Each structure stands twice: as structure tokens, then as C-alpha cells.
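A.B. asks: Questions regarding the structure given below will be posed in turn.
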Amino acid sequence: MRDRPYRQTEEGKGHNPKKSLGQNFLIDPNIARWMVDYAQIGEQDVILEIGPGKGMLTREILNSPCSFLHIIEIDRTLAPFIEPLLKRHEARTSLIWGDVLTVNLRDLSPSPTKVLANIPYNITTPLIWQILEHLAPVGTKELVLMLQLDLAERLCAKPGTRDRSPLGITIERMGQAQIVKKVPPSVFWPAPRVESVIVQILLDNNYDLASKRSWRRLLKVAFARRRKTLTNNLACVYDFFKDKDQALKLLEELGLSPTVRAEELNADDWQRLYERILSL
Ligand code: SAM
């Protein structure tokens with residue numbers, strides 16, 4: 001049997017959306033259902049939902065056969081929407097009120113196998129880093145996320161394209177990301193100004209790169225000044241190389257052009273460069 005019909009929580013009834021918390025609530029249950037169907041949730045799955053809001057996606061997750069659902073929401077004024085939903089599911093749900101960015105996701109028990117979320121757009125980048133860092137090592141394999149289109153394009157960008165980014169490269173090394181559905185602003189209330197898409201991120205490699213400070217620093221430095229060559233970006237940071245000549249020699253050794261820019265390297269190049277720098 002399905003839970004309460006969605007219309008009772010529709011369009012701002014009893015709650016003024018907070019822009020500062022990225023509160024654009026889904027008002028079309030078909031989108032929430034689509035996300036849950038896409039994630040192919042099975043009886044073994046433990047789900048983490050971040051930012052349940054008024055519970056549109058939560059309700060659909062609870063209708064799936066998942067064995068457990070963790071929920072993290074910062075805005076306690078949403079309690080009248082979320083708590084009644086969980087009443088009939090107390091044995092298989094856990095609700096944390098707080099800022100997800102300060103929660104140690106590694107400690108969630110049981111460990112999430114999948115993350116589903118309509119993510120607050122203002123914290124998307126640090127949140128995905130955190131998910132990779134905390135949850136990949138405990139066995140999380142799949143994220144199905146509603147994201148802002150331009151950020152999603154950065155996550156999925158291929159080598160040689162303008163949208164290439166440190167987070168996208170890290171995801172490519174740890175698995176893969178793809179845009180699986182476009183979503184119009186009209187399915188949210190209030191409607192966001194930006195386009196949204198649903199992105200699937202699969203974490204199917206064993207590389208735990210997101211928690212490696214040196215990996216993140218290498219990418220950060222390499223992309224710090226996008227118009228400069230990789231050598232120039234890396235050579236100006238004294239703890240990577242003694243001088244520019246050493247940087248050039250190492251790039252040559254790896255078969256990379258001395259004028260290559262960070263956005264042109266593929267994920268394998270980054271891995272080789274990272275390992276070679278570590279061995280210096
Ligand atoms: N999942 C709901 C839906 O699809 O209708 C709401 C999505 S809304 C885009 C984002 C939700 O994330 C809001 O409920 C907001 O309060 C919550 N949120 C924002 N910042 C947060 C944070 N730092 N930690 C936890 N939740 C947060």
C-alpha cells in the first residue's frame with residue numbers, strides 16, 4: 001500500500017521555502033518515482049537521502065524494498081512533513097537533524113549502499129567530495145542525484161573540454177558519472193532559475209582517491225590557473241618540484257607535452273602523474 005498521497009504536501013503548504021538552504025521542493029511525484037526506479041533499489045540496499053525537504057523523494061524510497069533509510073536534514077521546521085512519514089517505518093529509518101557537511105558519514109550504520117538526493121545546489125561540490133571521501137571506503141556503490149545542469153556537465157566532462165574539473169576527474173578515476181535525465185524547472189516549487197538533471201555516479205573502482213590530500217592538492221594546483229600550462233601551474237608550488245626543469249622532465253618521461261593544460265589530461269594520465277610525483 002502506498003503512503004499518503006503527495007498532494008497533501010504540495011506547493012508550500014505550511015512552509016516558506018528558504019533560499020539560503022536551496023529549498024526547491026519537488027512537486028511532481030513522477031520524478032521522485034523515476035529516481036527510485038532508476039536506482040533499482042533491492043532488499044539488500046541501505047539508502048542515504050540528504051535533504052528530504054517535505055518528503056517527496058523520501059516517500060518513494062520508503063515504498064521501495066530497501067532494508068534501511070538514513071535521512072539527514074538541516075531544517076527542523078520541516079519536521080511536521082518528515083516525521084509523520086517515518087512513523088510506520090521506525091525500524092528501518094534513522095533521521096539526523098543537522099548540517100550534512102559536518103556529519104561523519106563513515107559512522108552511519110548500517111553503511112549506505114546507495115545515495116539518493118535532490119541536493120541543495122549551494123553545497124553540491126563539497127557534498128559530493130564528502131560523499132566520495134566518506135562513503136566510497138565503506139562500500140557505497142551508486143549515487144542518484146538531482147543536480148544543477150552546469151555542475152553535472154563539469155562532473156561528466158571528457159578530457160580536452162572546458163568543463164573538466166578536479167571533482168570530475170576524481171569521479172572518473174573512482175567510477176563513472178553520466179547525466180541520465182533532464183528535468184524542467186516546473187517540477188519544483190519554487191522553480192529554480194537553473195536547469196536541473198539527474199546524474200548517476202557509479203563507484204565501481206577500488207581507488208580511494210577522494211580522501212588522499214595529496215591527490216586533491218595536485219588537482220587543485222593544476223587547475224588553479226586554467227590558462228597556464230600544467231608545468232607552469234605545478235612548478236610554482238615548491239613542494240611538488242624543485243624547479244620548472246624538473247617538472248618538464250617528468251612530463252616528458254610520462255609522454256606528456258610540455259605545453260599540455262590540466263584539462264587535456266585523461267584520468268590515466270592523472271593517475272600516472274600522481275604516482276610519479278609521490279615517488280619523487
Ligand atoms: N528532497 C526534497 C525534494 O526533492 O523535494 C528537498 C530538496 S531541496 C532542493 C534541498 C533540501 O536540502 C532542503 O530540504 C534543505 O533544507 C536541505 N538542506 C540544505 N542544506 C543542507 C545541509 N547542509 N544539510 C542537510 N540538509 C540540507
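Listed here are the residues, each with its yes/no results for (1) surrounded by 19 or more Cβ atoms within 10 Å (Cβ to Cβ); (2) touching a strand residue (DSSP E or B) at 6+ places or on another chain (Cβ under 7 Å); (3) within 20 Å of residue 135 (Cβ to Cβ); (4) in the same structural domain as residue 140 (by TED's automatic domain parsing).
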{"site": "167", "(1), (2), (3), (4)": "yes, no, yes, yes"}
{"site": "176", "(1), (2), (3), (4)": "no, yes, yes, yes"}
{"site": "188", "(1), (2), (3), (4)": "yes, yes, no, yes"}
{"site": "193", "(1), (2), (3), (4)": "no, no, no, yes"}
{"site": "198", "(1), (2), (3), (4)": "yes, yes, yes, yes"}
{"site": "202", "(1), (2), (3), (4)": "no, yes, yes, yes"}
{"site": "216", "(1), (2), (3), (4)": "no, no, yes, no"}
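A.B. asks: Now for a different question. For residue 237, state whether it is touching a residue at least 24 places away in the same chain (Cβ under 8 Å) and not polar (S, T, N, Q).
C.D. replies: Judged against the criteria, residue 237 is not a match.
A.B. asks: Turning to a different aspect of this structure: Tell me which residues, restricted to segment 63-80, are more than 9 Å from the ligand (Cβ to nearest atom) and either acidic (Asp, Glu) or closer than 23 Å to residue 30 by Cβ (or both).
C.D. replies: 63, 64, 65, 66, 69, 71, listed by residue number.
A.B. asks: Pairs, please: C-beta under 7 Å, at least 6 apart or cross-chain, first residue of a type in the set (D, E, K, R) and in segment 11-31, second surrounded by fewer than 12 Cβ atoms within 10 Å (Cβ to Cβ) and at pLDDT below 95?
C.D. replies: none
A.B. asks: Given the conditions (1) more than 12 Å from the ligand (Cβ to nearest atom); (2) touching a Lys or Arg at 6+ places or on another chain (Cβ under 6 Å); (3) more than 24 Å from residue 201 (Cβ to Cβ), and given that residue 47 satisfies all but one, which numbered condition is not satisfied?
C.D. replies: Here residue 47 clears every test but (3).
A.B. asks: Which numbered condition in (1) under 20 Å from residue 45 (Cβ atoms); (2) part of a helix (DSSP H, G or I); (3) touching a residue at least 12 places away in the same chain (Cβ under 8 Å) is the only one that residue 90 fails?
C.D. replies: Unmet condition: (3).
A.B. asks: On to the next question. Residue 231 is checked against (1) within 21 Å of residue 162 (Cβ to Cβ); (2) free of Cβ contacts under 8 Å to residues at least 24 places away in the same chain; (3) more than 24 Å from the chain's Cα centre (by Cα) and fails just one. What number does that condition carry?
C.D. replies: Every listed condition holds for residue 231 apart from (2).
A.B. asks: Looking at residue 96, is it in a helix (DSSP H, G or I) and near the ligand (Cβ under 10 Å from one of its atoms)?
C.D. replies: Considered against the rule, which asks whether it is in a helix (DSSP H, G or I) and near the ligand (Cβ under 10 Å from one of its atoms), residue 96 comes out as no.
A.B. asks: Here are some residues: 275, 263, 252. Which one is part of a helix (DSSP H, G or I) and buried (at least 17 other Cβ atoms within 10 Å of the Cβ)?
C.D. replies: So the residue among 275, 263, 252 that is part of a helix (DSSP H, G or I) and buried (at least 17 other Cβ atoms within 10 Å of the Cβ) is 263.
A.B. asks: Now, a different point. Looking at segment 194-215 only, could you name the residues that are free of Cβ contacts under 8 Å to residues at least 60 places away in the same chain, in a helix (DSSP H, G or I) and in contact with a Phe, Trp or Tyr (Cβ under 9 Å, 6 or more places away or on another chain)?
C.D. replies: 215
A.B. asks: In addition: Taking segment 16-30, which residues are closer than 13 Å to residue 59 by Cα, in a helix (DSSP H, G or I) and within 8 Å of the ligand (Cβ to nearest atom)?
C.D. replies: none
A.B. asks: Additional query: So which residues in segment 101-149 are away from the ligand (no atom under 15 Å from the Cβ), closer than 14 Å to residue 177 by Cα and surrounded by fewer than 20 Cβ atoms within 10 Å (Cβ to Cβ), if there are any at all?
C.D. replies: Passing the criteria: only 141.
A.B. asks: Run down 133, 153 and say which single residue is over 29 Å from residue 46 (Cβ atoms), modelled with pLDDT of 95 or more and out of contact with any Lys or Arg (no Cβ under 8 Å at 6 or more places or on another chain).
C.D. replies: The unique qualifying residue is 153.
The values are calculated or read from the model by the stated rules, or taken from the named source; none is laboratory data. Fair warning: this is a prediction, and the values are worked out from it, not measured in the lab. Cβ coordinates were reconstructed from backbone atoms using ideal geometry, including for glycine residues, and neighbour counts include every protein chain displayed.
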